[in-house]
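K.L.:
Got a structure here, written out as structure tokens. Questions coming.
We did not get these values from a lab; they are worked out from the coordinates using the rules stated. The shown structure was predicted, so the numbers you read here are calculated from the model rather than taken from an experiment. Cβ placement follows ideal geometry from the backbone for every residue including glycine, while neighbour counts extend to all protein chains displayed.
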Amino acid sequence: MAVKPTLSVVIPTYNCAPHMERHLAAMAKWVDLVDEIIVVDSRSTDGTLELVRSRLQHPNLRIIERDRGLYASWNEGIAATTGDWIYVSTAGDLIGREHLARLLAAGVGTNADVVVSPQRFVDETGEPIVDGPFVNPAIHAALAPFGQVVVPPLLVRLFAFRKAKPNALLGSCASDLFKGSFLRARPFPTDYGTHGDTAWTLRHSGEMSLCLVPVAGADFCIHAKEPVAGTVDLKSVLDQIFLREARGELPPAHAALAALTLGTRMAAIERSKRWRQRPRTISNWLGFGSAAVRYLWLRVRLQMVEAKLERALLAQLRPGG
């Protein structure tokens, strides 16, 4: 008799009581599928933890209280899990029972490291957002014709770096599932603010077997973010993530593409730097022109290499169920 795979759920919380009412009500429909629940609360002051204690019933419930730290909280909860598979259930982001079971079956059936699916976008009341700027990662549209498939690491890396921006590959974790041993060995980076999942994707894409499920069954709640001190230059953060995570030791199959990808990004950064230079002297204009030409040349070359590689790798896709 086959051994039933175990499923752990990590719920990171901080002052999210208004979202937890709906969240816990939705969880009640699938909580029996779960073997353990780890709640990591960052010392909420709005009654979140009290609500969880009174409403969340499970024989293997553990609550961890710790100081604030977005991905540090995620990592502590993940490290405490024991399950074969891990689902990160963030407040307000809901998943249906059937879809959670679908993701688990896909992961078990393919032995992939990560299972991803497209997400639906909703507002704080749960109403669909249909005309907003929010889109799913490009990999879903590109591979939708192939159905449920397992994507090899080199193709995963290509998609991750080609669309290196927030939610570039994973989307919302509400629509994803992680192999427990894979995620516990690879904690989320904590030095990129709210973009640790983007950095995690780039860092590990070259070793990640990805199962893509082309069916949506989870909601990503778009809600107002807590104000933070100072302003954040998103492009600068993403450049920093890209330059750091594109480096490192890679298998030979990845090295040439990584070098070209990194060189193109560095050229883009240099072009932007030259554009901002003041005063607008002839020398500075010439410097900008030279940087722009180099960037365009590298970009065209990169696009040609990526297109050729993608065609070859698509032939290696294997059915995922």
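K.L.:
Largest first, please: the extent of the C-alpha atoms of the chain along each principal axis, to the nearest Å.
P.N.:
The Cα atoms of the chain stretch 70, 49, 38 Å along their principal axes.
K.L.:
Which angle between 0 and 90 degrees, to the nearest 10, do you get for helix 17-27 versus the longest principal axis of the chain when only C-alpha atoms count?
P.N.:
70 degrees
K.L.:
Okay, moving on. Just name one of Thr13, Ala292, Cys173: the one whose Cα is farthest towards the positive end of the charge dipole of the chain (beta-carbon charges, Lys/Arg +1, Asp/Glu -1).
P.N.:
Among Thr13, Ala292, Cys173, the one farthest towards the positive end of the dipole of the chain is Ala292.
K.L.:
Among Pro137, Pro18, Pro187, whose mean-square fluctuation peaks in a Gaussian network model of the chain (Cα, cutoff 10 Å)?
P.N.:
Among Pro137, Pro18, Pro187, the largest mean-square fluctuation in the Gaussian network model of the chain belongs to Pro18.
K.L.:
Counting only helical runs of four or more DSSP H residues, what would the 222 nm mean residue ellipticity of the chain come to if each run contributes -39,500 (n - 2.57) and the total is spread over all its residues?
P.N.:
Details: 11 runs with 143 residues, N = 321.
Counting only the DSSP helices, I get -14000 deg cm²/dmol.
K.L.:
With a 10 Å Cβ neighbour count serving as the proxy for reagent exposure, in which order, fewest first, do Asp197, Asp84 appear? Before the final figure, lay out the partial values.
P.N.:
Numbers: Asp197 23, Asp84 18.
Going from sparsest to densest Cβ surroundings: Asp84, Asp197.
K.L.:
Same structure, new question: Quote to one decimal, in nm, the extra length available between Val305 and Arg244 on full extension: 0.36 nm per residue of separation minus the C-alpha distance between them. Numbers along the way, then the final one.
P.N.:
Working: separation 61, 0.36 × 61 = 21.96 nm, distance 2.20 nm.
Extra length available between Val305 and Arg244 comes to 19.8 nm.
K.L.:
Right, here's the next one. Toward the positive end of the charge dipole of region 234-319, about the Cα centre and with charges on Cβ (Lys, Arg +1; Asp, Glu -1), which of Leu313, Leu262, Pro252 goes farthest?
P.N.:
Result: Leu262, furthest along the dipole toward the positive end.
K.L.:
For the chain, compute the number of Lys pairs whose alpha carbons are separated by less than 22 Å, excluding pairs fewer than 8 positions apart on the same chain.
P.N.:
Close lysine pairs found across the chain: 10.
K.L.:
Order these peptides, 41-51, 86-96, 102-112, by their mean beta-carbon neighbour count within 10 angstrom, highest first.
P.N.:
Ranked by mean Cβ neighbours within 10 Å, highest first: 86-96, 102-112, 41-51.
K.L.:
Round to a whole angstrom and tell me the spacing of the C-alpha centers of region 257-278 and region 172-226.
P.N.:
After rounding, the separation between the Cα centres reads 27 Å.
K.L.:
With r defined as the distance between the Cβ atoms of Val293 and Ala144 and R0 fixed at 45 Å, what FRET efficiency is calculated, to the nearest 0.05?
P.N.:
After rounding to 0.05, the efficiency reads 0.75.
K.L.:
Pulled fully out, how much extra length does the chain show between Ala25 and Phe134, if you take 0.36 nm times their separation in residues and subtract their Cα-Cα distance?
P.N.:
Between Ala25 and Phe134, full extension yields 36.7 nm more.
K.L.:
At 7 Å along the Cα-to-beta-carbon direction for both Ala101 and Arg318, put a label point, then send me their distance in nm to one decimal.
P.N.:
According to this spin-label approximation, the distance is 2.7 nm.
K.L.:
Okay, moving on. Using the basic label-point model (7 angstrom from Cα toward the beta carbon), what is the Glu207 to His58 distance in nanometres?
P.N.:
2.8 nm
K.L.:
Given region 7-221, what percent of its DSSP beta bridges are antiparallel, to the nearest 5? Write down the numbers at each step before the final one.
P.N.:
On the way: 11 of 32 bridges.
So the antiparallel bridges amount to about 35 percent of the total.
K.L.:
Something else: Based on Cβ point charges of +1 for Lys and Arg and -1 for Asp and Glu, what charge dipole magnitude is obtained for the chain about its Cα centre, in debye rounded to the nearest 20? Intermediate results must be reported in sequence, preceding the final value.
P.N.:
Details: 37 positive and 31 negative charges, 337 e Å.
Dipole about the Cα centre, nearest 20: 1620 debye.
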